[in-house]
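Working notes, beginning with the structure itself.
The values are calculated or read from the model by the stated rules, or taken from the named source; none is laboratory data. Keep in mind that what you see is a predicted model, and the values were worked out from it rather than measured. We place every Cβ from the backbone using ideal geometry, glycine too, and count neighbours over all the protein chains shown. These area figures cover heavy atoms from the full protein model, side chains too; ligands, DNA and RNA do not enter into them. Shrake-Rupley method; radii C 1.70, N 1.55, O 1.52, S 1.80 Å.
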Amino acid sequence: MSLIPEKDVTLRGEPFWFSHPAKLLLKGDIKSGLLSSMKPSELRQTRDEYKAFSPQKFCKEVHHEKQRQRAKPFWVWNRNKDAREIHEKEVELLRKEWMCSNDQEVNELSDKLGEMYRNGRFKSQTPSPKSNS
């Protein structure tokens, strides 16, 4: 529970936009293309929820939402580009670590096989040359 209760209206007597149902309705109306055939002041007259706000406030929110929807594809692309670059760096780092660790393992195995061969525990699989005499 909050010590300071949330108010229903701003100091100007309008409801808060961020918590008002008109915000979600406006998103849907702009996404459906309803605004392309009318002005923001005409759109305001279509719903009672919109009429709770002054024409200036509603017009400002309409333009803000239009800009937000136009910019969203750019920000998604930008986010994906940044994530792809981070992923490629991580993959390259892991590839280098893997190559280094595998080189060390291969070298260790090679040394063990060389010791076994020198100590006579490992016989060569190459056939000995036959003499023609």
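Any residue at all in segment 78-91 that is more than 20 Å from Phe18 (Cα to Cα), part of a helix (DSSP H, G or I) and at pLDDT below 90? Within segment 78-91, one or more residues are more than 20 Å from Phe18 (Cα to Cα), part of a helix (DSSP H, G or I) and at pLDDT below 90. Being touching a helix residue (DSSP H, G or I) at 6+ places or on another chain (Cβ under 7 Å) and either open to solvent by 90 Å² or more (accessible area, probe 1.4 Å) or of a type outside the set (Asp, Glu) (or both) is a condition met by at least one residue of segment 9-18. Look at Lys96 and say whether it is open to solvent by 90 Å² or more (accessible area, probe 1.4 Å) and either among the aliphatic types (A, V, I, L, M) or at pLDDT below 90 (or both). When the stated conditions are applied, Lys96 passes them.
Scanning segment 13-51 for residues that are touching a residue at least 24 places away in the same chain (Cβ under 8 Å) and either in a loop (DSSP other than H, G, I, E, B) or touching a Ser or Thr at 6+ places or on another chain (Cβ under 8 Å) (or both) turns up Glu14, Trp17, His20, Arg47. Among the residues of segment 47-54, are any among the acidic types (Asp, Glu) and in contact with a strand residue (DSSP E or B) (Cβ under 9 Å, 6 or more places away or on another chain)? Within segment 47-54, not a single residue is among the acidic types (Asp, Glu) and in contact with a strand residue (DSSP E or B) (Cβ under 9 Å, 6 or more places away or on another chain).
None of Phe58, Phe74 is exposed (fewer than 10 other Cβ atoms within 10 Å of the Cβ), hydrophobic (A, V, I, L, M, F, W, C) and assigned to a helix (DSSP H, G or I) except Phe74. Candidates Ser101, Ser124: the one that is loosely packed, with under 10 Cβ neighbours inside 10 Å, at pLDDT below 90 and not acidic (Asp, Glu) is Ser124.
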